[in-house]
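The values are calculated or read from the model by the stated rules, or taken from the named source; none is laboratory data. Computed from a predicted model, the values in this text were never measured in an experiment. When we count neighbours, we look across all protein chains shown, and the Cβ atoms used for this are built from the backbone with ideal geometry, even at glycine.
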2 protein chains.
Amino acid sequence: MRDISAKILVALDEVLGTPDTSIPLHEPEITEQDKILVAKCLNSGWVSTVGDYVSQFEKLIEQFTGAKHAIAVVNGTAALHIALLLAGVRKGDEVLIPSLTFVATTNAVSYCGAIPHFVDSEMNSLAIDPDKLNSYLENIAEETKGGFRNKKTGRIIRAVIPVHILGQPAEINSLLAISKRYNLKLIEDAAESLGTFVEGKHTGTFGIVGTLSFNGNKIITTGGGGAILVNDSNLEELARHLTTTARIKSGVEFTHDQMGFNYRLPNLNAALGCSQILALEGHLHRKRTLAESYIKAMSAIDGIKMISERSGVKANYWLNGFILDSANLEERNNIIETTNAVGYQTRPAWMPMHFLPMYKDCPRMDLWGAEKIYKSLICLPSSSFLAHLSD
Amino acid sequence: MRDISAKILVALDEVLGTPDTSIPLHEPEITEQDKILVAKCLNSGWVSTVGDYVSQFEKLIEQFTGAKHAIAVVNGTAALHIALLLAGVRKGDEVLIPSLTFVATTNAVSYCGAIPHFVDSEMNSLAIDPDKLNSYLENIAEETKGGFRNKKTGRIIRAVIPVHILGQPAEINSLLAISKRYNLKLIEDAAESLGTFVEGKHTGTFGIVGTLSFNGNKIITTGGGGAILVNDSNLEELARHLTTTARIKSGVEFTHDQMGFNYRLPNLNAALGCSQILALEGHLHRKRTLAESYIKAMSAIDGIKMISERSGVKANYWLNGFILDSANLEERNNIIETTNAVGYQTRPAWMPMHFLPMYKDCPRMDLWGAEKIYKSLICLPSSSFLAHLSD
């Protein structure tokens, strides 16, 4: 145990140098161009949810991801909430999600009155295990006129949400095939994977709807923000409608035709997004350089395995991390505490959702993989400007 | 009819001059100080939901309103949603709200799984009619151990939300007395009334919780933003907890102890808020000047009555408006169309909530007053910089 910690510290020093005080896990990078665009937005007086930067930002997201339509919203959680509604998830439906995810994925399901149904993750992609999911559905799902039903609970299983973890993509093609077999709407939580492609196609564009996040800890930031990605024009229209209080112009006044939300991104934040997304290619390049340095420095350490991109994949390497061979909370915590004490901010994976009090009674399969990743994953400082330290 | 339109146009010309193109209903005012603070925020790198400007902005709101605690959130809708949860509103409860309000008040009740129960408004304050509410509750409410129950629906009536309309305050002291009589939590929707006081006390600080909005059309703006006002420290803590995904630090990791929300205001928007709120006194002064000009210019027109502050009240005059003696949609629309055609942006009140398809079957009292205001209220251009035009 002590031995691994010591070796990791040596490798971190090699990649990042000795910290003056503390090297954060991830910091945003604000440029002169960011300041110029935000100042322009303020000069225009259009700082709120109507403004040119919102549509410009959406166009830039569309160009980068290849999604036909991007709808900018206040944050990734709001994007997930609306994505579920777009996919037709309703009260009483079950939605398959990995137990190993950020709590927002799970909360968004709850916001719809639907029930999170936890599925397991696998060690390579850190995301939903397709083989295990397929066998599980073979056992528990039965076809009905209204969709596949969970035999145990009697509820319709409406959708599945693969989450692309740390910027490494889920086994999206296998999951897409399963979703078709079981008539599940596939929603991609691509909050962490802006810039990650599978066989040349951007994550978030495989299913019926995908979501992005531009929170301060993400590869680019709008302060707070997110986006919904869709290809279908009707879904685009519905997304715009639902995120602007379902408002309809009617003569000299407005009316609302359903319960809507106040979820659109302010123009001020979109202005920051416009310049941030132009810097994305640079971030991706430097993050790859940093990942390569980590992989080189850590490869000789027995007992750990760096997370790295699989064949056919171009990962954004948003966060670097490694898996301990021995899934052991004490060892994991010891390494995190030791590295933090020296000034390298490291952190574990999220606590699996089936451990949280409000979700512990949700339906679930065996979650061995999620628990193993939880006990063995450690994330490393990954701000893209750290790349130069390893030159 | 034609006659009134013509006289109104003369009065608008007197107050605002002849429009070059169009004079908007309300525009934000962005100053050099705004640009300086936002640039400082960008320089700091802290643009997201953690940062000094958020707490500074909250302190400035507390100082201005006299609320013990202000919690900054992404918008007024989010503030209302959390306010209802803080007040203990739960699934299946009824919440008394005016039918004459913005749809966000009503949606927020629905987000909690509670049922909006519409009450009537009166012509003086444009807000809930206290006498009518009191008589109504005498008839329909019966006391039970768990609170007062709606005899017709069997559901507990948990809370009441007075909305301060256009910056004129509701009859808050009467409503507070009724809320005590019927054991209702009183939540104030003060989205439009930042700067409005009743007997020296700021709107939003009378009940258990109040909410503000800093949307682009409000008296000050953060692009998008809002705040929750409470005096109770436990409620403050709960508000902070619920708006930050109900996250709890546990050793080297985080956990979550209930379903939470991603509702905190980004630091970037809070930086704008810090400078905007320092300009509030100036806005209030100019809005009062503008209101006085309107009242002077319009007072001689037969058939209309300007909205003006009642005794004991200091209104923010966020939006100026008048009421037609004859509540008549055709006449209202004609005046709005005529003034808009000349370039004076005017608008009606919101369509009452009981007219909307998703809320038409909600419980409600007779809503004669709300419908009369709906048919007779017209709002006038009210940006505070318009004050100089009437000098």
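Summed over region A:2-52, residues that are on the phi > 0 side of the Ramachandran plot and either of a type in the set (Lys, Arg) or outside the structural domain of A:Ala227 (by TED's automatic domain parsing) (or both) total 1.
State yes or no: is B:Ala6 without any contact (Cβ under 8 Å) to a residue 40 or more places away in the chain, among the small types (Gly, Ala, Ser), more than 12 Å from chain A (Cβ to nearest Cβ) and surrounded by fewer than 19 Cβ atoms within 10 Å (Cβ to Cβ)? So B:Ala6 fits the description; yes. Out of everything in region B:124-133 that is assigned to a helix (DSSP H, G or I) and of a type outside the set (D, E, K, R), what residue ends up being surrounded by the most Cβ atoms within 10 Å (Cβ to Cβ)? This residue is B:Leu133.
Being assigned by TED's automatic domain parsing to the domain that holds B:Glu171, touching a strand residue (DSSP E or B) at 6+ places or on another chain (Cβ under 9 Å) and farther than 23 Å from B:Glu171 by Cα holds for only one residue in B:Ala104, B:Ala83, B:Ala78, and it is B:Ala78. Consider B:Thr289 carefully, then state whether it is assigned by TED's automatic domain parsing to the domain that holds B:Phe322 and either within 26 Å of B:Ser384 (Cβ to Cβ) or among the β-branched types (Val, Ile, Thr) (or both). Considered against the rule, which asks whether it is assigned by TED's automatic domain parsing to the domain that holds B:Phe322 and either within 26 Å of B:Ser384 (Cβ to Cβ) or among the β-branched types (Val, Ile, Thr) (or both), B:Thr289 comes out as yes. For beta carbons closer than 6 Å, sequence separation of 6+ or different chains, a first residue in region B:148-159 that is outside any loop (DSSP other than H, G, I, E, B) and a second that is of a type in the set (Val, Ile, Thr), the qualifying pairs are B:Phe148/B:Ile157; B:Arg149/B:Ile156; B:Asn150/B:Ile140; B:Asn150/B:Ile157; B:Arg158/B:Val89; B:Ala159/B:Val89; B:Ala159/B:Val95; B:Ala159/B:Ile187. Checking each residue in region B:292-301 for being modelled with pLDDT of 95 or more and either surrounded by fewer than 18 Cβ atoms within 10 Å (Cβ to Cβ) or within 19 Å of B:Ile336 (Cα to Cα) (or both) picks out B:Glu292, B:Tyr294, B:Ile295, B:Lys296, B:Ala297, B:Met298, B:Ile301. Residues in region B:271-282: is at least one aliphatic (A, V, I, L, M), within 7 Å of another protein chain (Cβ to nearest Cβ) and in a loop (DSSP other than H, G, I, E, B)? So far as region B:271-282 goes, no, none of its residues is aliphatic (A, V, I, L, M), within 7 Å of another protein chain (Cβ to nearest Cβ) and in a loop (DSSP other than H, G, I, E, B).
Between B:Ile219, B:Ile248, the distinction of being closer than 26 Å to B:Tyr53 by Cα and touching a Leu at 6+ places or on another chain (Cβ under 7 Å) belongs to B:Ile219 only.
The lone criterion from (1) part of a loop (DSSP other than H, G, I, E, B); (2) surrounded by fewer than 22 Cβ atoms within 10 Å (Cβ to Cβ); (3) in contact (Cβ under 8 Å) with a residue 12 or more places away in the chain; (4) small (Gly, Ala, Ser) left unmet by A:Ser174 is number (1). Of the strands (runs of 3 or more DSSP E) entirely within region A:304-391, none holds at least 3 residues that are touching a Phe, Trp or Tyr at 6+ places or on another chain (Cβ under 6 Å), surrounded by fewer than 19 Cβ atoms within 10 Å (Cβ to Cβ) and not acidic (Asp, Glu).
The sole residue among A:Thr346, A:Thr339 that is assigned by TED's automatic domain parsing to the domain that holds A:Pro19, modelled with pLDDT of 95 or more and either more than 24 Å from the chain's Cα centre (by Cα) or among the hydrophobic types (A, V, I, L, M, F, W, C) (or both) is A:Thr339.
The single condition from (1) out of contact with any Asp or Glu (no Cβ under 7 Å at 6 or more places or on another chain); (2) modelled with pLDDT of 95 or more that A:Phe206 fails is (1). Restricted to region B:46-95, and to residues there that are of a type outside the set (Ser, Thr, Tyr), within 11 Å of chain A (Cβ to nearest Cβ) and assigned to a loop (DSSP other than H, G, I, E, B), the residue that is surrounded by the fewest Cβ atoms within 10 Å (Cβ to Cβ) is B:Lys91.
Just one of the listed residues (A:Leu186, A:Leu166) is assigned to a strand (DSSP E or B), surrounded by fewer than 24 Cβ atoms within 10 Å (Cβ to Cβ) and either of a type in the set (A, V, I, L, M) or at positive phi (or both), namely A:Leu186.
Results for (1) under 24 Å from A:Gly273 (Cα atoms); (2) buried (at least 19 other Cβ atoms within 10 Å of the Cβ), shown as yes or no for each residue.
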| residue | (1), (2) |
| --- | --- |
| A:Glu122 | no, yes |
| A:Ser135 | no, no |
| A:Ala159 | no, yes |
| A:Thr211 | yes, yes |
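Being touching a Cys at 6+ places or on another chain (Cβ under 9 Å) and over 29 Å from B:Leu137 (Cβ atoms) narrows it down to one of B:Phe64, B:Phe57, so name that one. When all the criteria are applied, what remains is B:Phe57. Mind checking which residues of region A:23-35 are surrounded by fewer than 16 Cβ atoms within 10 Å (Cβ to Cβ), assigned to a helix (DSSP H, G or I) and within 10 Å of chain B (Cβ to nearest Cβ)? Across region A:23-35, the qualifying residue is only A:Glu32. When A:Pro19 is tested against (1) within 30 Å of A:Thr346 (Cα to Cα); (2) crowded, with 22+ Cβ neighbours inside 10 Å, exactly one condition is not met: (2). Is it the case that some residue within region B:108-123 is under 15 Å from the mean Cα position of the chain (by Cα) and assigned to a loop (DSSP other than H, G, I, E, B)? No, region B:108-123 has no match at all.
Of all residues in region B:329-385, those that are of a type in the set (Phe, Trp, Tyr) and farther than 23 Å from B:His26 by Cα total 3. Would you mind stating whether A:Ala39 is surrounded by 24 or more Cβ atoms within 10 Å (Cβ to Cβ), facing another protein chain (nearest Cβ under 10 Å) and under 19 Å from A:Thr221 (Cα atoms)? Against the criterion (surrounded by 24 or more Cβ atoms within 10 Å (Cβ to Cβ), facing another protein chain (nearest Cβ under 10 Å) and under 19 Å from A:Thr221 (Cα atoms)), A:Ala39 does not qualify.
The residues in region B:345-368 that are of a type outside the set (D, E, K, R), over 19 Å from B:Ser110 (Cβ atoms) and within 8 Å of chain A (Cβ to nearest Cβ) can be counted, and the count is 1.
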